[in-house]
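Enquirer: Just dropping this structure here.
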Amino acid sequence: RVAIIGSCITRDVWPIVGEAPPQDLLYISRTSLASLLAPPLNGVVVSEDPPASLGVSTHRAMVADIRKTALAQLVAYRPTHLIFDFIDERFDLLAAQGTLVTHSWELDASGYHRQAPFNDAHAISRTSAACDLLWRQALRQMVDVLDMTPLGEAQLILHETQWASHYLDETGGRQAFGDVEIFGGKLAAIADYNAILSQQQDAFSAALPRARRVCAPRPLQLADVRHRWGLSPFHYIEDYYRAVWREFQALGI
């Protein structure tokens, strides 16, 4: 039973390399450690059917981030392997009514952020010291959760990576990224977000030294315009996923 708290860089390993995913797989995304462990935001009315612009799975993940149901689901699932990656930590946070919500593209597309519970919400920039502090506090909470629940029995795995600084174009030529868009016109400097990833990955490993670290070789951290989800600094070439898949296999997944 494999669980992922992370992003498509981990979920997509199996389909991209052409292998069947684990038979039992729980995927938790569109969240931050800070919002995953926060209280629910009450009073948000969600649609039974996702808006046309959203997929069922991403809508479900975004709603779980609002209602804070993912952690209980994870504990009840009792994974044998629990994989973390921090690519979805690129999103800002929204502070509203004493709790935190991940300000994902899906939240904007749903329109839920225009409902009354968000009326007095304020944004916490991902690159701010405040967001870093909230994340580190949540990491300490996660250590306690792992110690006090059946999650402590799981093999912990940290899937480490960096945003690619270069990508392969349609002809296979190597091109450099400039600044990239998070969503909604917000631009991001790749170096800034890679610094955040490095700090989070190092902090996680220091707090949970028993976690196994999985990382594709740096030359494979190269984006590909032909990726199934399009061009992004974390939509890598196929060989990246093959390298990670081999490491997962060695860990019994």
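Enquirer: Count the DSSP beta bridges whose two residues both fall in the chain, then state the antiparallel fraction as a percent rounded to the nearest 5.
Expert: For the chain, the DSSP antiparallel bridge percentage is about 40.
Enquirer: Using helices alone, I'd like the mean residue ellipticity at 222 nm for the chain: each DSSP H run of four-plus residues gives -39500 (n - 2.57), total over residue count, nearest 500.
Expert: -10500 deg cm²/dmol
Enquirer: Now a separate question. Counting Lys +1, Arg +1, Asp -1, Glu -1, what net charge surrounds residue 219 among other residues with beta carbon under 12 Å of its beta carbon?
Expert: So the surrounding residues net to +1.
Enquirer: On the protein heavy atoms, probe 1.4 angstrom, tell me the percent of accessible surface of the chain carried by carbon and sulfur.
Expert: 50
Enquirer: Put a dot 7 Å past each Cα toward the Cβ at residue 192 and residue 176; how far apart are the dots in nm?
Expert: Result: 1.9 nm between the two label points.
Enquirer: When N counts the residues of region 118-177, how does its alpha-carbon radius of gyration compare numerically with 2.2 N^0.38 Å, as a ratio?
Expert: Cα Rg divided by the expected 2.2 N^0.38 Å: 1.81.
Enquirer: Compute a Gaussian network model of the chain, connecting alpha carbons closer than 10 Å, and tell me which residue from 162, 201, 175 fluctuates the most.
Expert: Per the Cα network of the chain with a 10 Å cutoff, 175 tops the list.
Enquirer: Mind checking which of 98, 25, 125 is farthest towards the positive end of the chain's charge dipole, using Cβ charges of +1 (Lys, Arg) and -1 (Asp, Glu) about the Cα centre?
Expert: With unit charges placed on the Cβ atoms, the residue in question is 25.
Enquirer: With a cap of 12 neighbouring Cβ atoms within 10 Å, and only residues DSSP puts in a loop, list the chymotrypsin sites (Phe, Trp or Tyr not before Pro) found in region 181-253.
Expert: 229
Enquirer: Using Cα-only point scatterers and the Debye equation, what is log10 of I(q)/I(0) for region 59-106 at each q in 0.24, 0.32 Å⁻¹, rounded to two decimals?
Expert: The Cα Debye sum returns log10 ratios of -1.06, -1.22.
Enquirer: Would you mind finding the longest exposed-site-free stretch of the chain, with exposed trypsin sites (Lys or Arg not before Pro) meaning DSSP loop and at most 16 other Cβ atoms within 10 Å?
Expert: 2-185
Enquirer: Taking only Cα atoms and a 10 Å spring cutoff, compute GNM fluctuations for the chain and point out the largest among 125, 47, 110.
Expert: Maximum fluctuation in the GNM of the chain, among the listed residues, is at 47.
Enquirer: Could you tell me which of rounded, prolate or oblate describes region 168-253, using a ≥ b ≥ c as the square roots of the eigenvalues of the alpha-carbon gyration tensor, with rounded for a/c under 1.5 and, failing that, prolate when a/b is larger than b/c and oblate otherwise?
Expert: Verdict is oblate for region 168-253.
Enquirer: Report the calculated FRET efficiency for residue 125 and residue 229 (r = Cβ-Cβ distance, R0 = 30 Å), to the nearest 0.05.
Expert: So, using R0 = 30 Å, E works out to roughly 0.75.
Enquirer: Pull out the extension gain between residue 116 and residue 56, defined as 0.36 nm times the separation in residues minus the alpha carbon to alpha carbon distance; nm, one decimal.
Expert: 19.2 nm
Enquirer: Compute the normalised compactness of region 82-225: alpha-carbon radius of gyration over 2.2 N^0.38 Å, N being the residue count.
Expert: 1.19
Enquirer: Please work out whether region 33-81 counts as rounded, prolate or oblate from its C-alpha gyration tensor, where a ≥ b ≥ c are the square roots of the eigenvalues and a/c under 1.5 means rounded, while otherwise a/b larger than b/c means prolate and anything else oblate?
Expert: Since a/c reaches 1.5 but b/c is at least a/b, the shape of region 33-81 is classed as oblate.
Enquirer: Run through region 102-207 and list the GluC sites (Glu not before Pro) located in a DSSP loop whose Cβ has at most 12 other Cβ atoms within 10 Å.
Expert: 170
Enquirer: Kindly provide the Kirkwood hydrodynamic radius of region 32-130 in Å, to one decimal, from all pairs of distinct alpha carbon atoms.
Expert: Taking every pair of different Cα atoms in region 32-130, averaging 1/r and inverting gives 14.2 Å.
Enquirer: Another question, then. Starting from one equal scatterer on each C-alpha and no solvent at all, send me the Debye-based log10 I(q)/I(0) for the chain at q = 0.09, 0.12, 0.13, 0.16 Å⁻¹, two decimals.
Expert: Values, matching the q order: -0.38, -0.71, -0.84, -1.31.
Enquirer: Considering only protein heavy atoms, what per residue accessible area in square angstrom results for region 1-113 with a 1.4 angstrom probe?
Expert: 38
The values are calculated or read from the model by the stated rules, or taken from the named source; none is laboratory data. Remember, it's a predicted structure, so these values are computed and weren't measured experimentally. Neighbour counts are summed over all protein chains in view; Cβ atoms, including those assigned to glycine, are modelled from backbone coordinates with ideal geometry. Heads up: the accessible areas ignore ligands, DNA and RNA and are worked out on the full protein's heavy atoms, side chains in. Shrake-Rupley method; radii C 1.70, N 1.55, O 1.52, S 1.80 Å.
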